[in-house]
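Below you'll find the structure, written out as structure tokens, and then a few comments.
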Amino acid sequence: MTCEVLRDGCFDGLDFVFVDVDEPIAEEWAPRAATAGAVVIDKSAAFRMDPDVPLVVAEVNPDDLDSRPKGIVSCPNCTTMVPITALAPLHRAAGIDRMVVSTYQSVSGAGQAGVRELAEQWTKGDGREDIFSRAGALDGMIASGDVWDRPIAGNVIPLAGSVKEAGYTSEEWKFLRETRKILHD
């Protein structure tokens, strides 16, 4: 595989372009790749809810690949991708009126800062001793960091994303909207 710097003309002659970058970069370069004639498969959230971009899970809605007005195909968020494969046949057979879903997000979802904060809390910043090697090590000994408002080491934080309308989090809204789009519901 050859990797090149993004520049005008870099997509010429390519059949497929896989985009796995931050949204602003995807928003700029995915349409350029599609204009150059490539089928663009975008993993970012940039085009997920665009009505002219199919949101596809191969096991659920592969026929949506046939209609790509913008030449781009989008992939859902990981929290949608896994359960939708089980939910789709249930929805087709009986319909789904309501779901209660719990997800557990990785600290890496917050980027390098999230991983770094966990590592620093895990070793209490000195890189030498694992905090769990001592009895009672977590009793008020870990301060909150910059990424989360609570310590993340040895913890489960009951909120992923930010709180939006109707009391749902941005992650919950994402799951709801993406699931409905994939199921054409």
Result of the Cβ filter at 6 Å on the stretch 147-166, keeping first residues that are on the phi > 0 side of the Ramachandran plot and partners that are surrounded by 11 or more Cβ atoms within 10 Å (Cβ to Cβ) and among the charged types (D, E, K, R), at least 6 apart or interchain, is G161/E171
Just to check your reading of the model, which residue among R92, R116 is at pLDDT 75 or above and more than 30 Å from E59 (Cβ to Cβ)? R116
Name the residue that is surrounded by the fewest Cβ atoms within 10 Å (Cβ to Cβ), counting only residues in the stretch 1-42 that are in a helix (DSSP H, G or I) and among the hydrophobic types (A, V, I, L, M, F, W, C). I25
Take the stretch 68-111 and flag every residue that is assigned to a helix (DSSP H, G or I), of a type outside the set (V, I, T) and surrounded by 14 or more Cβ atoms within 10 Å (Cβ to Cβ). M81, P83, L87, A88, H91, G109, A110
For a quick check of your reading of the model, give me the residue pairs whose first member lies in the stretch 68-97 and is under 18 Å from K174 (Cα atoms), whose second is at pLDDT below 95 and surrounded by 14 or more Cβ atoms within 10 Å (Cβ to Cβ), with beta-carbon atoms closer than 6 Å and at least 6 apart or on different chains. N77/K174; T79/T103; T79/F175; T80/F175
Here is a list: D50, D64. Which entry is in a loop (DSSP other than H, G, I, E, B) and touching a strand residue (DSSP E or B) at 6+ places or on another chain (Cβ under 8 Å)? D50
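The values are calculated or read from the model by the stated rules, or taken from the named source; none is laboratory data. The shown structure was predicted, so the numbers you read here are calculated from the model rather than taken from an experiment. For neighbour counting, all protein chains shown are included, and Cβ atoms are generated from backbone atoms with ideal geometry for every residue, glycine included.
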